[in-house]
Every structure is written in structure tokens, then in C-alpha cells.
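Q: Quick one: the structure is below, questions incoming.
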Amino acid sequence: MTVADVARVVGGTVEGDAGVQLAGAEVDSRRLDDGDLYVALPGARRDGHEFVGVALETAGAALVRRDVELASPPPERALVRVDDPLAAYHELARHELREHPWRVAAVTGSVGKTTTKDFLAALLAAHYRIGASGGNRNNTLGLPAEVLSQEPDIEVFVAEAGMSTPGELAILGEILRPELLLYTRIAPAHIEFFPDLEGVVRAKAELLPWLDADGTLIINADDPNQDDFPAETGARVIRYGSEGAEARVEDLEDRGLLGSRFRLVLPDGEALVELALPGQHQAENLLAAATAASAFGVRAEQIAETAPGLQAPEHRGRLLEIGGGVSLVDDSYNASPVAVRRLLELLARAPGRRVAVLGEMYELGNLAAEAHRHAGEQAAVACDLLVAVGGADAKRIADGAREAGLRAESIHLVKDAGRAAELLRSELRPGDVVLVKGSRGVGLDRTVAALAGEGAA
């Protein structure tokens, strides 16, 4: 796409070289690659227009407001002026998806959506040329950039759609217009921005009107929050979950930290699957992804061939051996009450001394106090040693554990990730099994890196 093409699509005017070829788009000047389009947007602290000059040292062009005074672009660079750069950016992503015959699969929910998205992309990759959104690039700023960076010859684009506030998923739905929409469990997450869980459910439902009428809706049969979703679309519906669902896991053998073995039952067949990832929740993530893959024609036995090699995304449930005979489950990327409970249940079944490192859970609003105290109560049952990391809510975790019967000498409250690493270095011994879980802002990935010898906390 050239600068002239961009201007045509978004109704903009060009200053500079309209023939510059563009490779992708970014809203963060620090992430730019050669030939990208820089999209100048207002931020919480700074306006992206302040960085246009620096951005054009790398970017081929910048998408800017008409009414902002800027220096003329250097040679072989351009400005595309529009009324609203964000709206134009979204229009570019919409146009990209309409211009290519890509099939689009969207994954949303509250729990496990990134892992499920990655599993789905891996299952499809054996049969299609796949593009997928990366990392946490799942919102109205990151996902359009992921769309615009895809190779043009892909066949299926697998997108994770996330949100923090009402209205965001409606925007992403209009961009993606998926042929397949997959929901993981919906649970209290980002609830700080909603009055209650019902508000979260309504926001997640914003994608439904954008699902292709001839497409497929995949919902979790064990999540009552999704019961009304089929009535909001004319698409085919497939339910995954426990007994009675069209897609389900049967004869589950939980092998603890070694993963699980189970029979995968899909609408078009079944197969014995081995998954080398700890936790029954990973079997559920695989079931969701497998159900979606089957809608694209991938058979159960083909899924069984791919499943043993699946890996959790970084910091989302990976099992590490950190030296000294210590095993560590790194799930430090994010946290919600449901996810914490699931992992503590896993820890409770682990051999050896069990250590829980729990950081605070963010964006829980008025549920925060109760949720953290309850996490402490669950930790008291699951672990022999608890390290709570953070401020007031971490103290609630510690208090909950103490009130539930965990001995005071087995509970440690520390302020940050660095102090957690220091404490653990002195406390861990051979045979320990460590679970690290907390919201991203707590920075427990630094604790993991320090213990694994990958850097200082």
C-alpha cells in the first residue's frame, strides 16, 4: 500500500511523497519498523503529534490531524492529513480485511483467550497459511496494527479481541467481521470499568452482531453467562464443555505438572489427546481451540497429532526448571479470581513443598477486597508457603490465608517483585514446586527472570 492508497482509503490529503510504499502501521513511535505508517494519537500524557518528526526517521509516513501544525516531511516521507487519525486507522484495517480473501477467526472472553488463540493458530497452521495477532495486541489500538502487518498471502487470520471499557468490542467487531467467533469463559475481569459482571457480559456480546450470518459461534456450555448469545445471531452454534456439549473432554487423566491425557470428542469425530501443559484449564483451552479448528475442517486425529507440541504463551502457565531441583509454573502475565483459583487447585495436587507467589489482581473495582481475601483462603489450602506481593490487596491475601489456618511463619508479605525474588532465593529448596501468579502491573515476570537467572528483578 502506498501513501496515495492510504489517502484514498481514508479520505486524506498528502503532504510529501505520495509514492512511498508502506509495510505496516503503528501507534507507538518506539515500535516502528522501516516503512511503517505512524498513526499520531492523543495519549494519557502526551500527544502523538509531538513525536511525528522522530517517527519519520523510521516510518515512511505519518497519519495526522488536518489542524495540527507540523514541519514539512523530509524527502521520501509523507504526511496524510485527516480529521480523525484513530477513525482513519480503523478504516485502514477494515479495508485491509475486505481487500484480501482471508478467513477471520476471533477469540474473546475473560479467561484463557490468549492461550486459546495461540492453540487455534497452531492447530490451523498444519493445514492453512496462518496469520495471528501477537502478544496482548488485542484492543482498538493494537489489533488494527496486527491486521495491517499481515502477509497478504495468508488464508486465515486468527485474532484475539479484548476490551477494558464498553464499546471497544463493537469497534473490533466492525473491523474483523469474523466468520468464526469463539468465547472462552466470561468472568470478573476489567470489572473496575463496569457496574457488575452483567456489564462485562453485555460488552463481550458486542461482537455478536458482526459475526457472519453464515459463520460459526462457539460458546462455553458450562458458562451460564453465554446462554443467551445464540439468540443474538443467526450463525451456526457449537457448544463445548462438559457432558451434553457437542464438543467435550472425556476420561480426563490429570497428570499434574506433566499435563493431561483425555479423549477429545468433536462433532465430526474423536481422538485420544496428550497435552504437555499443567492444569485442567489447559485441557479446556485446547478443547475450545479444537472445536474452532474442527469448524475449519481439521479432524480430531489431526488435532491429536499437533497437541503434544503445544506450548503456553510466555508467562501464561509455562513449567520451568529453575535449578536446585525447583519447578516453577510461570503464570505471571495476568490474573483474575477464576484463574487464580484454577492454578491454586493445580498447585494443591503437586508433589513436594508447594509455594504460592501471588501478586495483586487489578481492575476488580468493588470486588477487589473480597476477591483477594478469598484468594488467600484458597492459598491456605493449596500451599505450604505463601508470598503475597504488593500493597493493601496483597495484605488481604495474607490475612485471608492466616484466617483460613495457614501458619503465620509460612506467610510472607513483600512490597514488590524484587523483594519477592530475594526472599525466594533464601527460602526455596530442592523439590519445591512454585506457582507465580499476579496481574501484569505487579511485575512478577521479573521475579521469574531473577530466579531463572535471566536478569535482575
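Q: Could you list, in sequence order, the residues of the range 221-247 that are in a strand (DSSP E or B) and in contact with a helix residue (DSSP H, G or I) (Cβ under 7 Å, 6 or more places away or on another chain)?
A: Selection gives V237, I238, Y240, A247.
Q: Regarding the range 76-90, can at least one residue be identified that is of a type in the set (A, V, I, L, M, F, W, C), closer than 15 Å to A4 by Cα, outside the structural domain of D153 (by TED's automatic domain parsing) and free of Cβ contacts under 8 Å to residues at least 40 places away in the same chain?
A: No, the range 76-90 contains no residue that is of a type in the set (A, V, I, L, M, F, W, C), closer than 15 Å to A4 by Cα, outside the structural domain of D153 (by TED's automatic domain parsing) and free of Cβ contacts under 8 Å to residues at least 40 places away in the same chain.
Q: With the checklist (1) touching a residue at least 12 places away in the same chain (Cβ under 8 Å); (2) surrounded by fewer than 19 Cβ atoms within 10 Å (Cβ to Cβ) in hand, flag the one item T115 doesn't pass.
A: (2)
Q: Return yes when L343 is under 17 Å from D118 (Cβ atoms) and buried (at least 22 other Cβ atoms within 10 Å of the Cβ) and no when it is not.
A: In short, no.
Q: State the number of residues belonging to the range 145-161 that are assigned to a loop (DSSP other than H, G, I, E, B) and in contact with a Leu (Cβ under 8 Å, 6 or more places away or on another chain).
A: 1
Q: Considering each of L367, L406 in turn, give the residue that is at pLDDT below 95 and either surrounded by fewer than 22 Cβ atoms within 10 Å (Cβ to Cβ) or of a type outside the set (V, I, T) (or both).
A: Sole residue among the options that is at pLDDT below 95 and either surrounded by fewer than 22 Cβ atoms within 10 Å (Cβ to Cβ) or of a type outside the set (V, I, T) (or both): L367.
Q: Something else about it: So A122 clears everything in (1) crowded, with 23+ Cβ neighbours inside 10 Å; (2) of a type in the set (G, A, S); (3) at pLDDT 95 or above except one condition, right? Which one?
A: (1)
Q: Which of the residues spanning the range 195-214 are surrounded by fewer than 21 Cβ atoms within 10 Å (Cβ to Cβ), in contact (Cβ under 8 Å) with a residue 24 or more places away in the chain and not in a helix (DSSP H, G or I)?
A: Those that are surrounded by fewer than 21 Cβ atoms within 10 Å (Cβ to Cβ), in contact (Cβ under 8 Å) with a residue 24 or more places away in the chain and not in a helix (DSSP H, G or I): D212, D214.
Q: Within the range 290-344, can you find the residues that are among the charged types (D, E, K, R) and within 24 Å of A105 (Cα to Cα)?
A: R299, E301, E305, E314, R316
Q: Something else about it: Can you tell me which residues in the range 300-320 are among the charged types (D, E, K, R) and either in contact with a strand residue (DSSP E or B) (Cβ under 6 Å, 6 or more places away or on another chain) or at pLDDT below 95 (or both)?
A: Answer for the range 300-320, where residues must be among the charged types (D, E, K, R) and either in contact with a strand residue (DSSP E or B) (Cβ under 6 Å, 6 or more places away or on another chain) or at pLDDT below 95 (or both): E301, E314, R316, R318.
Q: When you go through A335, A307, A312, A290 one by one, which is the residue that is under 19 Å from the mean Cα position of the chain (by Cα), in contact (Cβ under 8 Å) with a residue 12 or more places away in the chain and part of a helix (DSSP H, G or I)?
A: From the options A335, A307, A312, A290, the qualifying one is A290.
Q: When you scan the range 87-144, how many residues do you find that are under 26 Å from G317 (Cβ atoms), assigned to a helix (DSSP H, G or I) and charged (D, E, K, R)?
A: So the count comes out to 3.
Residue-by-condition table, conditions (1) assigned to a strand (DSSP E or B); (2) of a type in the set (K, R); (3) over 23 Å from A350 (Cβ atoms):
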position	(1), (2), (3)
A368	no, no, yes
H374	no, no, no
Q378	no, no, no
A388	yes, no, no
A394	no, no, no
R419	no, yes, yes
R446	no, yes, yes
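Q: In the range 253-290, how many residues are at pLDDT below 95, of a type in the set (A, V, I, L, M) and in contact with a helix residue (DSSP H, G or I) (Cβ under 7 Å, 6 or more places away or on another chain)?
A: Counting residues in the range 253-290 that are at pLDDT below 95, of a type in the set (A, V, I, L, M) and in contact with a helix residue (DSSP H, G or I) (Cβ under 7 Å, 6 or more places away or on another chain) gives 2.
Q: Here's something else I'd like to know. Considering only the range 44-68, state which residues are assigned to a helix (DSSP H, G or I) and free of Cβ contacts under 8 Å to residues at least 12 places away in the same chain.
A: Passing the criteria: only E50.
Q: Among the residues of the range 44-65, how many are out of contact with any Leu (no Cβ under 6 Å at 6 or more places or on another chain) and either loosely packed, with under 12 Cβ neighbours inside 10 Å or of a type in the set (S, T, Y) (or both)?
A: 4
Q: Within the range 25-43, track down each residue that is surrounded by fewer than 20 Cβ atoms within 10 Å (Cβ to Cβ) and either assigned to a loop (DSSP other than H, G, I, E, B) or among the aromatic types (F, W, Y) (or both).
A: Matches in the range 25-43: D28, D33, D34, G35, L41, G43.
Q: Do you know which residues across the range 242-266 are of a type outside the set (D, E, K, R) and in contact with a Leu (Cβ under 8 Å, 6 or more places away or on another chain)?
A: A247, V249, G256, L257, G259, S260, F262, L264
Q: If you don't mind, there's one more thing I want to ask. Taking the range 338-362 on its own, how many of its residues are assigned to a helix (DSSP H, G or I), of a type in the set (V, I, T) and more than 16 Å from G400 (Cβ to Cβ)?
A: Qualifying residue count for the region: 1.
Q: Also, I was wondering about something else. Of all residues in the range 238-251, count the ones that are surrounded by 15 or more Cβ atoms within 10 Å (Cβ to Cβ) and of a type outside the set (S, T, Y).
A: 8
Q: Considering only the range 255-279, how many residues are free of Cβ contacts under 8 Å to residues at least 24 places away in the same chain, buried (at least 19 other Cβ atoms within 10 Å of the Cβ) and not in a strand (DSSP E or B)?
A: Qualifying residue count for the region: 1.
The values are calculated or read from the model by the stated rules, or taken from the named source; none is laboratory data. This one's a predicted model, so the numbers in the text were calculated from it and none came from an experiment. Note: ideal-geometry Cβ built from the backbone for every residue, glycine included; neighbour counts use all protein chains shown.
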